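The values are calculated or read from the model by the stated rules, or taken from the named source; none is laboratory data. All values reported here derive from a predicted model rather than from experimental measurement. All Cβ positions, glycine included, derive from the backbone under ideal geometry; neighbour counts span all protein chains shown. Just so you know, the surface numbers come from the protein's heavy atoms only, side chains and all, with ligands and any DNA or RNA stripped out. Shrake-Rupley method; radii C 1.70, N 1.55, O 1.52, S 1.80 Å.
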Amino acid sequence: MEVNPNSPQSNGSSVAPNALGNVQRPGEYLRQVRITQKLELEAVAAELNIPVKTLTALEQDDYKSLPEATFIKGYYRTYAKYLKVDATNIIQRFDDIYANDTGLLPNHALNNSPIKIMGKLPGSNRDRNRKWLKRGLIALAVIIVVGLIVAAVQGMMSSSSSNEEPVSNDATSEVQVLDMNGGNAAISGDQLTLSFNRPTSVHIVDSTGKVLATGRQASTLNLNGETPFQIRLDDAEAVSLSLNNENISLSPYTVNGKADFRLSR
């Protein structure tokens, strides 16, 4: 037969105590009821789905080995209901002696309790961390996409600017006009006049092989040399030509907009 370490030896009576004694502890009382009902501790633990270690600590009122006070009260109520005794006085007595045994209030929450509040489980922190990480990655992706779009727009604008051709200045000629008369001699030979309605490139050589003009021209050009002239025009429609003040039609010499021909008087 079991011996209660917290109370005097049982007198062998099989009559269950009908009330919690004035100085009796809750666990001691429940243990006496169980023994009186001839119930084994292991069988009760299995019925209540409470570990034998926890049930032993309850019967010995060993509160420091148990979780926080709220759960101890729950164990007492479950145990009392199983033994068919009133739990009200048990809970009241527990509140009276719990502070003396542990130095804590009966409504406290132990930091090292084996039973944790669900909101504080490690998994919850991991979930929150994952959410913040996911949000951070999304924000980073948005920033990268915006940056790429801005860079692409700037690149397109730079490309458009670089591809724009500078406006030609009609007052400036890029043609090289050669002075065939040494600058001081009287003008001799045949006179060739070219007028332009838009800039184009020309190349003119006289019969002696001298280059009279070459390059891009936009204004009227007056040349003197010996016929026949070898004339090349990149845009024949942009040029009006006369030889010795006689207008020359360029259409017979024009192919695909260009003219390359010999002109004599």
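Within the group Asp95, Asp86, Asp101, which residue is at pLDDT below 85, within 24 Å of Arg31 (Cβ to Cβ) and of a type outside the set (A, V, I, L, M, F, W, C)?
Asp101
In this structure, does Thr254 turn out to be within 17 Å of Gln191 (Cα to Cα) and not charged (D, E, K, R)?
So Thr254 does not fit the description; no.
For the range 196-234, give me each residue that is under 17 Å from Leu263 (Cβ atoms), of a type in the set (D, E, K, R) and open to solvent by 30 Å² or more (accessible area, probe 1.4 Å).
Lys210, Glu226, Arg232, Asp234
Which count do you get for residues in the range 241-257 that are exposed (fewer than 15 other Cβ atoms within 10 Å of the Cβ) and not in a loop (DSSP other than H, G, I, E, B)?
6
When you go through (1) at pLDDT below 90; (2) surrounded by 13 or more Cβ atoms within 10 Å (Cβ to Cβ) one by one for Leu55, which number turns out not to apply?
(1)
What residue, of Asp190, Asp127, is open to solvent by less than 80 Å² (accessible area, probe 1.4 Å), farther than 22 Å from Leu241 by Cβ and either out of contact with any Ser or Thr (no Cβ under 9 Å at 6 or more places or on another chain) or at pLDDT 60 or above (or both)?
Sole residue among the options that is open to solvent by less than 80 Å² (accessible area, probe 1.4 Å), farther than 22 Å from Leu241 by Cβ and either out of contact with any Ser or Thr (no Cβ under 9 Å at 6 or more places or on another chain) or at pLDDT 60 or above (or both): Asp127.
Here's the yes/no breakdown for (1) at pLDDT 80 or above; (2) surrounded by fewer than 12 Cβ atoms within 10 Å (Cβ to Cβ); (3) in contact with a strand residue (DSSP E or B) (Cβ under 6 Å, 6 or more places away or on another chain):
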site: Tyr79; (1), (2), (3): yes, no, no
site: Tyr82; (1), (2), (3): yes, no, no
site: Ile90; (1), (2), (3): yes, no, no
site: Asn111; (1), (2), (3): no, yes, no
site: Ser162; (1), (2), (3): no, yes, no
site: Pro166; (1), (2), (3): no, yes, no
site: Val177; (1), (2), (3): no, no, yes
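Are any residues in the range 90-105 farther than 22 Å from Leu39 by Cα and part of a helix (DSSP H, G or I), and if so, which ones?
Ile91, Gln92, Arg93, Phe94, Asp95, Asp96, Ile97, Tyr98, Ala99, Asn100, Asp101, Thr102
Considering Lys64, Lys73, Lys81, which residue is within 27 Å of Lys38 (Cβ to Cβ), assigned to a helix (DSSP H, G or I) and touching a residue at least 12 places away in the same chain (Cβ under 8 Å)?
After ruling out the rest, the residue left standing is Lys73.
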